[in-house]
Amino acid sequence: MRKLLSIATAAILAVLAVPAFAQGNLKMDFPERHGMNSEKLAQVDRVINDAITSKEIPGAVLSVVRGNDIVYLKAYGNKSVVPTVEPMTTETIFDLASVSKCVGTTLAFMQLIENGYVRLSDNVDRYIPGFRPWSDPENGETVNITVRDLLSHSSGLDPYINAETFVKEYGGNNPEKMEWYIATKVKRNFRPGTGFMYSCLNFVTLQRILERVTGEKLYEYAQEHVFDVLGLRHTCYFPLIYDPAVSNSVELTKLCAPTEVQSDGKPLVAQVHDPMARMIMGGNSGNAGVFSNAEDLSVICAAIMNGGCLVDKKGKSLESTRILSPATVRLMNTIPPQNDPSVGRALGWDKKSSHSGLRGDLFNPETTIMHTGYTGTSIVIDMESKTAIVLLTHRVHPEDKGGVGRLRALVANIVAGSIR
């Protein structure tokens with residue numbers, strides 16, 4: 001037990017040396033000051049190191065947030081194993097894959113709702129003319145797909161398209177053709193709102209709506225109105241066909257963990273792993289494309305848990321960091337009552353769907369939201385206890401073979417079990 005406590009204490013003390021600006025407005029604090037047991041919390045080291053030993057992942061970074069403070073932050077294993085071996089650090093930036101949906105597209109899109117540009121009940125064809133509705137194969141009845149359906153993955157749109165096939169037929173880096181293809185060609189699998197089908201195409205469609213309404217590219221809008229407002233220094237998109245939205249993109253690239261080795265024998269670095277986002281959308285995509293580190297994502301989690309902004313030591317809202325209103329945060333965390341209960345998704349976040357296993361067994365399913373990314377990233381936020389878990393791994397490095405499903409749940413159970 002003494003050894004476990006010393007491990008937790010050493011991890012915290014190591015991070016206290018990190019400059020304050022690198023953590024936004026969050027500070028490091030001891031778990032006991034936030035009602036957590038350090039000895040129990042330190043058991044996360046065992047399960048993460050076991051996953052590294054079994055070659056499920058080459059490395060990881062874990063951050064645990066309580067309220068407005070980071071209570072545990074630690075790097076494990078290696079950042080890179082190909083072409084060279086480099087140790088993991090807490091500053092390492094990861095390709096978030098589908099976690100981009102919640103921290104990029106969703107937060108940006110909820111601002112459009114809050115500011116009166118878009119409604120959840122708006123039909124998609126209001127913004128994308130010719131967007132085909134669902135048609136009942138038996139009687140020909142048609143039902144329009146709404147913004148709510150896209151955000152909650154209840155639209156019935158196919159989950160994905162084959163990027164290589166699309167590029168051969170329509171060419172690469174072609175967002176306009178992608179929009180047309182989703183609007184007119186992609187299958188509608190069921191009546192909107194009656195089922196759950198996780199679809200990257202939902203979020204590409206949300207991106208295109210946002211870009212029409214704002215006149216900005218998604219990567220530009222998210223950078224200015226979400227990431228910069230929160231003071232994030234290690235978070236951005238790395239678009240391939242546009243200029244980066246950040247001036248220090250070269251420096252950030254050096255911090256990026258590589259993902260899968262390509263046919264040329266080199267891994268992808270600072271290029272989104274998702275084929276559709278990379279090959280068709282040019283890295284500016286609603287379904288993937290955000291790169292970030294554990295500290296910056298901890299800031300996002302804190303803002304969500306504190307009603308849309310960060311707070312000072314006295315619990316007073318720091319309005320300069322506000323990205324959403326408390327009412328918008330509540331809406332975002334709510335399963336739409338218009339949907340069939342089997343859907344189980346909140347707006348942009350998972351809550352009770354068949355994909356919610358990363359929550360583990362102990363966090364309250366009524367108050368916990370979460371999301372995963374294909375590359376091995378994940379976020380779990382319990383709004384009730386104001387506890388967040390940011391677990392970043394790159395299971396697709398050097399090959400797309402690793403698995404982190406069980407690891408995510410084990411870490412969530414340990415963190416929840418450490419709360420007094």
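List of remarks:
- Pairs meeting the criteria (first residue in the range 225-244 and free of Cβ contacts under 8 Å to residues at least 60 places away in the same chain and under 13 Å from residue 278 (Cβ atoms), second residue outside any loop (DSSP other than H, G, I, E, B) and hydrophobic (A, V, I, L, M, F, W, C), beta carbons under 7 Å, at least 6 apart or on different chains) are 238/291.
- Within the range 43-100, tally of residues that are within 21 Å of the chain's Cα centre (by Cα) and of a type in the set (Gly, Ala, Ser): 8
- Members of the range 156-187 that are open to solvent by 20 Å² or more (accessible area, probe 1.4 Å) and in contact with a strand residue (DSSP E or B) (Cβ under 8 Å, 6 or more places away or on another chain): 187
- When residue 153 is tested against the conditions (1) assigned to a loop (DSSP other than H, G, I, E, B); (2) closer than 30 Å to residue 233 by Cα; (3) open to solvent by less than 10 Å² (accessible area, probe 1.4 Å); (4) not aromatic (Phe, Trp, Tyr), the lone failure is (2).
- Members of the range 39-55 that are of a type in the set (Gly, Ala, Ser) and either modelled with pLDDT under 95 or in a helix (DSSP H, G or I) (or both): 51
- Tally of residues being out of contact with any His (no Cβ under 9 Å at 6 or more places or on another chain), part of a loop (DSSP other than H, G, I, E, B) and open to solvent by less than 50 Å² (accessible area, probe 1.4 Å) across the range 217-267: 11
Rundown of residues vs (1) under 23 Å from residue 378 (Cα atoms); (2) open to solvent by 50 Å² or more (accessible area, probe 1.4 Å), yes/no style:
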| residue | (1), (2) |
| --- | --- |
| 316 | no, yes |
| 323 | yes, no |
| 334 | yes, yes |
| 337 | no, yes |
| 350 | yes, no |
| 354 | yes, yes |
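- Residue count, the range 373-411 (criterion: closer than 16 Å to residue 52 by Cα, among the charged types (D, E, K, R) and under 17 Å from the mean Cα position of the chain (by Cα)): 2
- Output for the range 140-150, where each listed residue is part of a helix (DSSP H, G or I) and surrounded by fewer than 16 Cβ atoms within 10 Å (Cβ to Cβ): none
- For the range 113-127, the set of residues classified as buried (at least 19 other Cβ atoms within 10 Å of the Cβ) and touching a Ser or Thr at 6+ places or on another chain (Cβ under 8 Å) consists of 113, 124, listed by residue number.
- Among residues of the range 72-98 that are in contact (Cβ under 8 Å) with a residue 40 or more places away in the chain, those with a beta-carbon under 6 Å from a residue that is open to solvent by 40 Å² or more (accessible area, probe 1.4 Å) and β-branched (Val, Ile, Thr) at least six positions away or on a different chain give the pairs 82/261.
The values are calculated or read from the model by the stated rules, or taken from the named source; none is laboratory data. Fair warning: this is a prediction, and the values are worked out from it, not measured in the lab. Ideal geometry is used to build each Cβ from the backbone, glycine not excepted, and the neighbour counts take in all protein chains shown. We work out accessible area using only protein heavy atoms, side chains counted, and drop any ligands, DNA or RNA first. Shrake-Rupley method; radii C 1.70, N 1.55, O 1.52, S 1.80 Å.
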